[in-house]
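Read through the structure below, which is laid out as structure tokens, and then see the notes.
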Amino acid sequence: MANVPKPSSGLVLRLYVAGNAPNSRRAIANVTAICAEHFKAAHEMEIVDLLEQPERALADGIVVTPTLLKVLPLPVQRMIGDLSDINQVLLTLSSQ
Amino acid sequence: VTGAEELQAQDLRRRLAEAEATIAALLSGQIDAVVDSTSHTPVLLAKAQAALRDERDRAQRYLDAPDVILLALDVDARITLVNRYACAVLGWSASDLVGRDWIETCLPWRMRDAFRNSHRDGLAGEITVFEHVVVTKSGEERLIGWRTTVLRDDDGRAIGTFGAGADLTERSRAAKAVATADERMRFALESAGAGIWDLDQTTGVLRLSETMEAQHGLGPGTFAGTFKAFVECVHPDDRSSVLETIRAAVADGTDFSLLYRALCPDGSIRWLSGTGRVLLGEDGTPVRTVGVSVDVTERRSLEDQYQQAQKMEAVGRLAGGVAHDFNNLLTVILGYCDLLLEEFDADDPRLGSLAQIHEAGGRAAGLTRQLLAFSRKQVIEPTLLDLNVVVSDLRPMLARLIGEDVRVLMGLRPNLALVVADRGQVEQVVMNLAVNARDAMPTGGTLTIETANVDGLGATTQPAASAGAYVSLTVTDTGTGMTPEVKARMFEPFFTTKEAGKGTGLGMATVYSIVTRCGGQVNVSSDLGKGTSFRIRFPRAEGEHITVPVPAPVRVAPVPTGLHTVLVVEDDESLRELARKILRRHGYNVLLAADANEARRVFSENPAIDVVLTDVIMPGESGPELTRQLVTQRPALKVIYMSGYTEEAIVHHGVLKLGIAFLNKPFTSETLGAKLREVLAL
């Protein structure tokens, strides 16, 4: 674990949601706010609506929405729920 | 444990942690959907479903709130969304409509192909605004005004249209009802000959109906459409009053009426009468001024004619009223003048002054005659006349009257038919025309007097021509000519183009009066700058009318022997005395009487009386009443009436009854002597 190099580029996130459903909407709002405050431009985020693209669930093994996937830097981490515990989210996103 | 086992254990712990986190999130209600493990599709949890439904309902409520039709169509014109108002208008439920073909369901047959094309074209554009008719479920047609935008996906591809529509049916019906009422009103006004105008106070645009354009001499649709253009159509003399009337009405917001002359492009003038109303906006300021206009030219002309007729009648009465006394005075003045002229030696230096008095008296007598002729109170004595003789006899006087600058030509056709007319009046016609001709040629020219036999249409004929033929007398000058305005008014009494004091304005009126009175006609042609031609046509005398011999011009005969006795009955003493002097000079025995009673006494005492010369109107018995008795007593008695104007007692419709001698006042020594000789010779 200590051997894994730190990513030179920033954070890459993928958020799986179910349309405009309440938790999905909250999750989008929360993660957007955290990134804007703590990671500025050094991040990429893709929002995937499973109601529109259900086939995407299989690739990342998504079981429920909302699910936030930290793609980079490795290791891949996932967070479930509306991401309202901002400290927990920050901790996960900063972990190596 | 091996490294591999350690990695597997880590992975399991991580998965377990994730599973725990998932369960925790699920329990705390933070999950929206669970992915079905066999179909790999997300299944919304009930709460999320409800939330989404709530949101959709809220959106639907927004759509349903306004009274506007909201309609979304896909690229094939299938309905993807309608709101409640749309359903209310169309008569269908939302579930009936969504998914159906809009064109097949809601458009009339006649529009379907066109709409499908325009829908396809519309997808290529952005926003379109249009109106069209839709058919409701019950088959009723309604007019909808649309504003439509194109819906696009994230790649910019058109996926349909979204339109907002307003139901214009009622508005359109109301507008049609207004238009129909407007049309009816317009028809009523136009068929009554009333023009309509409408001024928009805010834009200044003025619209005139075709009738009103015609009233101003403008072709349909040629009016320029501004208030300024209207003002230019008004006669300059009337502009300020028209402007002031409209300005005051607009300022007060009151109704108003106008009477003005329209100046037409061809220069003609029409009298227009109109009323107007100022329409105020909600804030009380004028927004429109509307009104109607009627052409009253003809009515005014009739009013003018009526006033003219009244004026003529008044002049006639006045003339008749003063003529009697005035002629008595003139008779005395001229009579004594005559007597003095005969007494003076030819080389007497006072003769010139006397001649002036005589001439002035003669002019006064002429003026009286003119007034009487014009007012038709003059006694006329129609005889058979040869116009060639009348004109030839006038020639010396014409030459004196007209002066040296004007050449006088005579074109008198031989074998001219005779006419029945009063010689004095025909002379007056010729003189009046000649004087006017002279005045039209201040720098000289040519005056031509022609006579000819003509048929009813005016063509020259031989004297043996058919009955109904005329004899024409044409007076032509090479003078200034007349403008159409002058020509139109030339026969009006007191209308004159001459300077004040130069003309009475009665000359042409008299000509017209005389000619029409004896059944003739006057035609005028005039070229401005070239001259004027008056052609008078008298009816030619027919056989049965030729009962009076053509009187030879009366010339002074030698003084007769004093064998005859004349009784003069005249209430005016100076006239009586004058008559006595003249008659004595002519060699008659003279007896005098001041009224009928005295006359009867004198008559009974003097059986030798041959002639009674009597005034017509006297205090007490009239002249005709007296002479009727006297003639009964002595049938051979001759009677001469003297008067200044027509008396019903002796004349019938202005023409002397047969067998009655008449002496016009003022008379002169010469005319009295001649009349006596004429009577005694019969």
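A quick yes/no check of all residues on (1) modelled with pLDDT of 85 or more; (2) closer than 22 Å to B:VAL391 by Cα; (3) hydrophobic (A, V, I, L, M, F, W, C); (4) part of a strand (DSSP E or B):
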site	(1), (2), (3), (4)
B:THR476	yes, yes, no, yes
B:GLU499	no, no, no, no
B:LYS502	no, no, no, no
B:TYR512	yes, yes, no, no
B:VAL515	yes, yes, yes, no
B:GLY519	no, yes, no, no
B:VAL524	yes, yes, yes, yes
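Considering only residues of region A:45-61 that are outside any helix (DSSP H, G or I) and loosely packed, with under 14 Cβ neighbours inside 10 Å, which is nearest to the other protein chains (Cβ to nearest Cβ)? Break it down stepwise before answering.
Residues of region A:45-61 outside any helix (DSSP H, G or I): A:45-55, A:61.
The next check asks that each one be loosely packed, with under 14 Cβ neighbours inside 10 Å; those that pass are A:46, A:52-53, A:55, A:61.
Details: A:GLU46: 14, A:GLU52: 10, A:GLN53: 10, A:GLU55: 7, A:GLY61: 9 Å.
Going through the qualifying residues, I end up with A:GLU55.
Answer yes or no: is there a residue in region B:323-331 that is modelled with pLDDT of 80 or more and either among the aliphatic types (A, V, I, L, M) or within 25 Å of the chain's Cα centre (by Cα) (or both).
Looking through region B:323-331, at least one residue is modelled with pLDDT of 80 or more and either among the aliphatic types (A, V, I, L, M) or within 25 Å of the chain's Cα centre (by Cα) (or both).
Here's a check for you: in region B:24-55, which residue that is in a helix (DSSP H, G or I) and more than 9 Å from every other protein chain (Cβ to nearest Cβ) is nearest to A:MET79 (Cα to Cα)?
If we filter region B:24-55 for residues that are in a helix (DSSP H, G or I), which is where we start, we get B:24-27, B:46-55.
If we keep only those that are more than 9 Å from every other protein chain (Cβ to nearest Cβ) too, we end up with B:27, B:46, B:50, B:53-54.
Values: B:LEU27: 15, B:ALA46: 22, B:ALA50: 25, B:ARG53: 27, B:ASP54: 27 Å.
Top of the filtered list is B:LEU27.
Filter region A:15-34 for residues that are at the interface with chain B (Cβ under 7 Å from one of its Cβ atoms), in contact with a Ser or Thr (Cβ under 9 Å, 6 or more places away or on another chain) and in a helix (DSSP H, G or I) and give the result.
Listed by number, the residues that qualify are A:ASN23, A:SER24.
Given the condition at pLDDT 85 or above, more than 30 Å from B:MET490 (Cβ to Cβ) and assigned to a strand (DSSP E or B), answer yes or no: does some residue in region B:238-252 qualify?
No, because not a single residue in region B:238-252 is at pLDDT 85 or above, more than 30 Å from B:MET490 (Cβ to Cβ) and assigned to a strand (DSSP E or B).
What residue, among those in region B:63-105 that are touching a helix residue (DSSP H, G or I) at 6+ places or on another chain (Cβ under 7 Å) and among the small types (Gly, Ala, Ser), is surrounded by the fewest Cβ atoms within 10 Å (Cβ to Cβ)?
Among those residues, the one meeting the criterion is B:SER93.
Inside region A:62-76, can you point out the residues that are in contact with a strand residue (DSSP E or B) (Cβ under 9 Å, 6 or more places away or on another chain) and more than 9 Å from chain B (Cβ to nearest Cβ)?
Residues of region A:62-76 that are in contact with a strand residue (DSSP E or B) (Cβ under 9 Å, 6 or more places away or on another chain), as a first pass: A:62-73, A:76.
Within region A:62-76, A:LEU68, A:LEU69, A:LYS70, A:VAL71, A:LEU72, A:PRO73, A:VAL76 meet the criteria.
What are the pairs with Cβ atoms under 7 angstrom where one residue, in region B:25-45, is under 15 Å from A:ALA59 (Cα atoms) and the other, located anywhere, is small (Gly, Ala, Ser)? Sequence gap at least six, or different chains.
Filtered contacts from region B:25-45: B:VAL35/A:ALA57; B:HIS40/A:ALA57; B:PRO42/A:ALA18; B:PRO42/A:ALA57; B:PRO42/B:ALA33.
Restricted to region B:137-177, and to residues that are part of a loop (DSSP other than H, G, I, E, B) and within 58 Å of the chain's Cα centre (by Cα), which residue is nearest to B:GLU104 (Cα to Cα)?
Within region B:137-177, the subset part of a loop (DSSP other than H, G, I, E, B) is B:137-140, B:153-157, B:168.
Subsequent filtering for residues that are within 58 Å of the chain's Cα centre (by Cα) retains B:139-140, B:168.
Values: B:GLY139: 13, B:GLU140: 15, B:LEU168: 22 Å.
The extreme case among them is B:GLY139.
Scan region B:108-139 residue by residue and report those that are of a type outside the set (A, V, I, L, M, F, W, C) and exposed (fewer than 12 other Cβ atoms within 10 Å of the Cβ). Outline the logic, then answer.
Quick first cut of region B:108-139, residues of a type outside the set (A, V, I, L, M, F, W, C) only: B:108, B:110, B:112-113, B:116-122, B:125-126, B:128, B:131-132, B:136-139.
Listed by number, the residues that qualify are B:ARG110, B:ASP113, B:ASN117, B:ASP121, B:GLU126, B:SER138, B:GLY139.
The values are calculated or read from the model by the stated rules, or taken from the named source; none is laboratory data. For clarity, every value in this text was computed on a predicted model and none was experimentally measured. Cβ atoms come from the backbone with ideal geometry, glycine included; neighbour counts cover every protein chain shown.
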